[in-house]
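The values are calculated or read from the model by the stated rules, or taken from the named source; none is laboratory data. As the structure is a prediction and not an experimental result, all values here were calculated from the model. We place every Cβ from the backbone using ideal geometry, glycine too, and count neighbours over all the protein chains shown.
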Amino acid sequence: MPVAPLRPAHRTVAVFGVLLLFGMVPLSACDLPADARYGRACSADADCDGYVCEQARCAPSPGFFGGEGEGEGEGEGEGEGEGEGEGEGEGEGEGEVGCVVNSDCADGDVCNGDERCEEGACVAGPPLCAADAAAPFCVAGACVACRNSGDCDDGLFCSGQEDCQSGSCVPPRSACGALSCDEEQGACVGCDNDLQCDDGVTCNGTERCAPNGVCQPGSNACSGTSPVCSVALDRCVCANNSDCDDGEFCNGVERCAEGSCVAGSPPVCGGSTPVCDDARDRCVCNSNPPCSDGLFCNGSEQCSDGVCVPGSAPACTFGCNVAQSACNACQNNSHCDDGNQCNGVETCNNGQCQPGDGLSCAFGCTPSVGCNECNASSQCSDGNACNGPETCTNGSCQAGTPLSCVSGCNPTTGCLQCRPTATAPTATPATAPRPAPMGPVSPGRR
């Protein structure tokens, strides 16, 4: 029976078996190097730390493809049959490989770190800035000390309110100035009037001095897209992009930059979806014309619920002509015959019927027969009166009824009135016999 070529996975199993036989790989999966993984670039088996280098990539042991796959197949006989059986056994169904190389795992976000492919599975990389104690936060691919004021807060009231500016924490101002600070109460104490409690920042409200000499904080006046009061800037600011999101798709994605919300760029809608729809959060069609691809043979595209739906191809008996944006009218000349002889012979050219050259007729034209032979009976006479008078009927000459003549017929005049009289032959005058010539007298006669 013909032997089918081994698939890549089967070749890996076969090669592994040979290497195992000669002791070139560890007998136990536990002996494999911990960092060996499927898909590592290689030029020889030695590059794979015990795995097989196949097609410039390291391949794991057969057991990796499902543990019990080896020997569980339904291959028949020996040699190639067993190989096919091993490849198709339980192992192939239980050990699916999710990646081959690291690039298969990349999520496109540099702040997440470099994802890796390990033993056919994607492993998340360490965050880009996780190891940087001074700048542990990642913003647009750059490590910064803070993203908002909250990242700078040391949790102590008496140290003052920390603030974040351009990714760096700004040293706080004294929380209580000339007053004493009580960390346990989280308040300035020893005041006797409101002015002593004023921290000089307007966006956090108006501070008051309570009768017990303890300053009471004001109410945060910040909300909406700028919910954070920046002490350093003395204004309400946004803390992150989500503070700026207005929930509208069609005006783009807003972002927070330097404490201020920056408007997004509206999506560019065009082509078959020229209208932006906030309700659907996408660009949509609003009528049929934008959906048309201009091709007759594709059918008429329709706009349905904001989405262009392909049309149905026209039912053309002789096929569809893309160049002419029409169904073919014919395949040969016979399909073009209009049944009117007066129009000439129609022809089929490139799937379309072309008119014929109309007949030029002296006596007019009849559609069923073509040019007329006559338009008056006089035009049909054959000049023989004995044939009867010919007539013109529907443009065609019709033979007359031959004359039935008793006394005969004259082609010029027709029937004769009487038979012609027979003419007697003319007599020839009799002539006397001429005398016999005189000759010599025979003897004995006289």
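Annotations
- Any hit, segment 357-372, residues being surrounded by 12 or more Cβ atoms within 10 Å (Cβ to Cβ), more than 30 Å from CYS392 (Cβ to Cβ) and at pLDDT below 90: no
- Filtering SER334, SER377, SER381 for residues that are of a type in the set (Gly, Ala, Ser) and more than 30 Å from CYS409 (Cα to Cα) leaves a single hit, SER334.
- Yes/no for GLY400 being loosely packed, with under 15 Cβ neighbours inside 10 Å, out of contact with any Lys or Arg (no Cβ under 8 Å at 6 or more places or on another chain), not charged (D, E, K, R) and not assigned by TED's automatic domain parsing to the domain that holds CYS327: no
- Near pairs, Cβ below 8 angstrom, 6+ apart or cross-chain, from segment 387-405 (in a loop (DSSP other than H, G, I, E, B)) to any residue that is among the aliphatic types (A, V, I, L, M): GLY388/ALA399; GLY388/LEU403; GLU390/ALA399; GLY395/VAL369; LEU403/ALA385; CYS405/LEU416
- Taken together, the criteria exclude VAL284 from residues that are farther than 30 Å from ASP199 by Cα, out of contact with any helix residue (DSSP H, G or I) (no Cβ under 7 Å at 6 or more places or on another chain), modelled with pLDDT of 90 or more and exposed (fewer than 15 other Cβ atoms within 10 Å of the Cβ).
- Qualifying residue in segment 166-182 (condition: modelled with pLDDT of 90 or more, among the hydroxyl-bearing types (Ser, Thr, Tyr) and not in a helix (DSSP H, G or I)): yes
- In segment 142-158, the residue that is surrounded by the most Cβ atoms within 10 Å (Cβ to Cβ) out of those that are small (Gly, Ala, Ser) and either at pLDDT below 85 or in contact with a Lys or Arg (Cβ under 7 Å, 6 or more places away or on another chain) (or both) is SER149.
- For segment 202-258, residues that are of a type in the set (Ser, Thr, Tyr) and either under 41 Å from the mean Cα position of the chain (by Cα) or in a loop (DSSP other than H, G, I, E, B) (or both) total 5.
- Candidates are the residues of segment 259-281 that are within 13 Å of VAL307 (Cβ to Cβ) and more than 21 Å from the chain's Cα centre (by Cα); the one that is surrounded by the fewest Cβ atoms within 10 Å (Cβ to Cβ) is ARG280.
- Conditions (1) under 16 Å from the mean Cα position of the chain (by Cα); (2) within 17 Å of CYS348 (Cα to Cα); number of the one not met by CYS320: (1)
Let's see how each residue does on (1) closer than 30 Å to CYS152 by Cβ; (2) modelled with pLDDT under 85; (3) part of a helix (DSSP H, G or I); (4) not assigned by TED's automatic domain parsing to the domain that holds CYS152:
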site: GLY75; (1), (2), (3), (4): no, yes, no, yes
site: GLU78; (1), (2), (3), (4): no, yes, no, yes
site: GLY83; (1), (2), (3), (4): no, yes, yes, yes
site: GLY91; (1), (2), (3), (4): no, yes, yes, yes
site: ASP104; (1), (2), (3), (4): no, yes, yes, yes
site: CYS117; (1), (2), (3), (4): no, no, no, yes
site: PRO127; (1), (2), (3), (4): yes, no, no, yes
